[in-house]
Amino acid sequence: MKKSDHQMIQEVLDGEVSKESFDAFQQRMRGEPDLVKFYGEYARLHHTLSEEYEDAEPSISQTPENSGRVRPMVPWILSAIAVALAVLAFHWKSAATVKPPETIAGVRFSEDAVWRGEGIFTDSRRKQAMQKSSSLEILQGIAEVTLNGGGSALIEGPASLTVVSAESLHLAAGKAKFSTGSPGVKLVVTTPSMTAENLGTEFGLKASPDSPDELHVFKGKVSARINGSNTGELLEEGQAGRIVGTD
């Protein structure tokens, strides 16, 4: 805040400002949230100090000269201050009602990871998190994405991944290993050409625009189908599949 702002606020609270000056001050507050916040803090401090002085016993007796210096606040200023405080309350209420993004996955990176993404933020635990439709591009290194639904992905760069939901991921390019930890957890992973639904615990996918998408089942079973098809194939542990020609 500028020194002139301090002076203006003090004059407003003391009732020493003209109506024209206060109108200009109000206009500034409509477009400067920081000024509104500062005004509210200053007004509360002013009110607290005023109460302290009112409760304290005067050290000198009131004389006509002393009492003549006390100026009542002009009614229009009192009304204007009430309006300004209402604006301040609105800003505080708006800030308080802004909800943080809903976390549906956590993400962590290897020390050598180079990455970029959208929809990735730091949650209340100071850990990096992902919301619905968050996208992640790993240029190098490894990233581990843990979904709230129980599934997880270990991605090796270069790769590109999108969080579709708490139970679904999309691997646009690159290699990744997916697991659920238990057979009862649902995890669906799509690539540009196939959809793989986990019926076991662990599988890997490779997606590339220059070669067919590949699926490798490490543990359990995976149901795989070509995107747009209602029928698929069940692959078991140790088996692999490749999608060729989706046009």
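The table below gives the values:
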{"item": "Hits in the stretch 192-225 (condition: of a type in the set (Val, Ile, Thr) and within 24 Å of Pro158 (Cα to Cα))", "result": "Thr195, Val217"}
{"item": "Subset tally (residues that are assigned to a strand (DSSP E or B) and either touching a strand residue (DSSP E or B) at 6+ places or on another chain (Cβ under 8 Å) or not assigned by TED's automatic domain parsing to the domain that holds Ala172 (or both)) for the stretch 192-241", "result": "32"}
{"item": "Complete set of residues in the stretch 156-187 that are over 26 Å from Val114 (Cα atoms) and either surrounded by fewer than 23 Cβ atoms within 10 Å (Cβ to Cβ) or without any contact (Cβ under 8 Å) to a residue 12 or more places away in the chain (or both)", "result": "Gly181, Ser182, Pro183, Gly184, Val185, Lys186"}
{"item": "Condition met for Pro101 (over 23 Å from Asn227 (Cβ atoms), surrounded by fewer than 17 Cβ atoms within 10 Å (Cβ to Cβ) and not hydroxyl-bearing (Ser, Thr, Tyr))", "result": "yes"}
{"item": "Subset tally (residues that are in contact with an Asp or Glu (Cβ under 7 Å, 6 or more places away or on another chain), assigned to a loop (DSSP other than H, G, I, E, B) and not charged (D, E, K, R)) for the stretch 170-191", "result": "2"}
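The values are calculated or read from the model by the stated rules, or taken from the named source; none is laboratory data. Source: prediction; values computed, not measured. Reconstructed Cβ throughout: ideal geometry from the backbone, glycine too, with neighbour counts over all protein chains shown.
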